[in-house]
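Trainee: Here it is, the structure in full.
Read-outs: derived from the displayed coordinates by stated rules, not from any lab. Quantities reported herein were computed from a predicted structural model and do not represent experimental measurements. Because the Cβ atoms are built from the backbone with ideal geometry, glycine has one as well, and the counts that use them run over all protein chains shown.
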Amino acid sequence: MSYVRHPAVAGLFYDADPVRLDRTVSELLQESRGKRPGGRLVGLISPHAGYMYSGSTAAKGYVLLEGLKFDTVVIVGPSHREFFNGISIYPGDGFLTPLGEVPIDQEIRDALVSISSSIRSGESGHRAEHSVEVQLPFLQKVLGSFSFVPIVMGNQTRLLCDTLAEALARSLLDRNALLVASSDLSHYHSYDTALSLDRQILEDVEAFDENSLMMKLEQQRVEACGGGPMVTVMKALKKLGADASNVIFYCNSGDVTGEKDAVVGYLSAVFLRTN
């Protein structure tokens, strides 16, 4: 009998009905088709709010994966509801979404856990967390069949980012892997303040400068609930040969709802290997 995680936010962040969910994601992807940047796409930054808010932003990155194949997908997200020290990888056999079950790559999970005591197999941070879960229906639509590694960071210190990035680089060295950092940007500022804060993150992502981003996060000059996952994925991808980045799209919830007093920022970006 398989040990799978059932969806925690189906019916809240996205539709629980498989037919309606399939149609929604398909429509978001169809509306987002554009020119694919040059190079091999190896990483993404994608938002994790409800699809009505950030689904169109997420789709602009995910649509670029259509027709590609990966040995494994690694999703790194923050823990919103549960604080714990270290990094947690779900211990089960898969994640269930309304579109079906996605198997966990147990070989990569075991390799990561063996590298550092800060990386553990366990349910901490996964039980009610949405940051990993909401990425899966998009991946299911664009990739079809794939296995993945669900990682949640309990805290996002520089040391843990470095530790996880190094472990990912070592574990994925000979794999054709996609790394996804799940993050929203600034939270609940006015529209103009959000633009000012988020612009600094966009500059660092576009420059592929994870060190500058980490410094700004530590100094609280910028905000991103998944800042640690972003830094980690950027650092790991560099170690794995990625050499270019591209901000695909940015908006905030004010652009979606028209309510601009307290907004949340959303970013879609890709990382590439061009040489």
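Trainee: Answer with yes or no whether V180 is under 21 Å from L41 (Cβ atoms), part of a helix (DSSP H, G or I) and either in contact with a helix residue (DSSP H, G or I) (Cβ under 9 Å, 6 or more places away or on another chain) or among the β-branched types (V, I, T) (or both).
Mentor: Here the answer is no, as V180 does not meet what is asked.
Trainee: In the stretch 115-136, what residues are out of contact with any helix residue (DSSP H, G or I) (no Cβ under 9 Å at 6 or more places or on another chain) and not in a loop (DSSP other than H, G, I, E, B)?
Mentor: Correct list: E133, L136.
Trainee: Starting from the stretch 71-85, keep only residues that are without any contact (Cβ under 8 Å) to a residue 60 or more places away in the chain and among the charged types (D, E, K, R), then list their pairs with residues that are crowded, with 23+ Cβ neighbours inside 10 Å and not in a strand (DSSP E or B) whose Cβ atoms are within a distance under 9 Å, requiring at least 6 positions of separation or different chains.
Mentor: Taking only residues 6 or more apart or on different chains, the pairs are R81/G125; R81/E129.
Trainee: Is it the case that some residue within the stretch 140-149 is free of Cβ contacts under 8 Å to residues at least 40 places away in the same chain and within 19 Å of the chain's Cα centre (by Cα)?
Mentor: Here is the first cut: in the stretch 140-149, the residues free of Cβ contacts under 8 Å to residues at least 40 places away in the same chain are 144-145.
Next, from what is left, pick out any that are within 19 Å of the chain's Cα centre (by Cα): 144-145.
For the stretch 140-149, residues free of Cβ contacts under 8 Å to residues at least 40 places away in the same chain and within 19 Å of the chain's Cα centre (by Cα): present.
Trainee: Report whether or not K235 is under 15 Å from the mean Cα position of the chain (by Cα), crowded, with 17+ Cβ neighbours inside 10 Å and among the basic types (K, R).
Mentor: yes
Trainee: Further question on the same structure: Could you check the stretch 146-198 and list, in sequence order, the residues that are among the small types (G, A, S) and touching a Phe, Trp or Tyr at 6+ places or on another chain (Cβ under 8 Å)? Steps first, answer last, please.
Mentor: Quick first cut of the stretch 146-198, residues among the small types (G, A, S) only: 147, 154, 165, 167, 169, 171, 177, 181-183, 186, 190, 194, 196.
G154, A177 - these are the residues of the stretch 146-198 that are among the small types (G, A, S) and touching a Phe, Trp or Tyr at 6+ places or on another chain (Cβ under 8 Å).
Trainee: I would also like to ask the following. Report the residue count in the stretch 94-108 for those that are assigned to a strand (DSSP E or B) and farther than 19 Å from L178 by Cα.
Mentor: Number of matching residues: 3.
Trainee: Name the residue, out of A194, A207, A167, that is among the hydrophobic types (A, V, I, L, M, F, W, C), farther than 17 Å from I89 by Cα, crowded, with 17+ Cβ neighbours inside 10 Å and touching a Ser or Thr at 6+ places or on another chain (Cβ under 8 Å).
Mentor: Just a single option satisfies the conditions, and that option is A194.
Trainee: Among the numbered criteria (1) surrounded by fewer than 17 Cβ atoms within 10 Å (Cβ to Cβ); (2) outside any helix (DSSP H, G or I); (3) in contact (Cβ under 8 Å) with a residue 40 or more places away in the chain, which single criterion is violated by D174?
Mentor: (3)
Trainee: In this structure, does E218 turn out to be under 17 Å from the mean Cα position of the chain (by Cα) and surrounded by fewer than 16 Cβ atoms within 10 Å (Cβ to Cβ)?
Mentor: Working: under 17 Å from the mean Cα position of the chain (by Cα): no; surrounded by fewer than 16 Cβ atoms within 10 Å (Cβ to Cβ): yes.
Judged against the criteria, E218 is not a match.
Trainee: Name the residue that is surrounded by the most Cβ atoms within 10 Å (Cβ to Cβ), counting only residues in the stretch 60-93 that are in a strand (DSSP E or B), of a type in the set (A, V, I, L, M, F, W, C) and over 14 Å from the mean Cα position of the chain (by Cα).
Mentor: Checked the stretch 60-93; the qualifying residue surrounded by the most Cβ atoms within 10 Å (Cβ to Cβ) is I87.
Trainee: Y188 passes all but one of (1) surrounded by 15 or more Cβ atoms within 10 Å (Cβ to Cβ); (2) within 17 Å of H80 (Cβ to Cβ); which number fails?
Mentor: So the condition that Y188 fails would be (1).
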